[in-house]
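Presented below is the structure to which this report refers.
None of the figures in this text is laboratory data; all of them are computed from the coordinates on show. Treat the numbers as computed from the prediction; the structure is a model and nothing was measured. For neighbour counting, all protein chains shown are included, and Cβ atoms are generated from backbone atoms with ideal geometry for every residue, glycine included.
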Amino acid sequence: MENNENKMVFEDISSSSPNSVKKVVKQAGKIAKTTAVEVKKASDAYGNLNHEKIEKVIKIISFVVAIGVFLLFLVAAGIIFFLDHALIFLSALILLFGSGLALICLYLIYAQGYMIAQNKEILERLGK
């Protein structure tokens, strides 16, 4: 007795594929590689563009923050002065404290931008 149900037939499919399919697969692989290279170049250029002028942006932010802090204390001193003219000494102290705090903020934030600029210059001179 012969059991025909359990017979397995193996076929070599690699030899039966036409040459045109192999060419298309190779061409698709080449296109994928060149596309990946182009995408990497574009993303690197975009990343460098974003960080190219970051030190100038940080320096501008430092001035904006310092002016904002000074104006906040100026308004507070003005409100106290207009509520009671006898508190002119207190409003002058608030204005003095606010201008000192604004200068400290300016110095600390501006220093960060300056350090980034110096670091970039060092890296450019080293050729990295």
**Extension gain (nm, one decimal) between Leu72 and Leu93, 0.36 nm per residue minus Cα-Cα** = 6.2 nm
**Request:** Write out the GluC sites (Glu not before Pro) in the stretch 33-127 meeting two conditions: DSSP loop, and at most 15 other Cβ atoms within 10 Å of their Cβ.
**Result:** Glu52
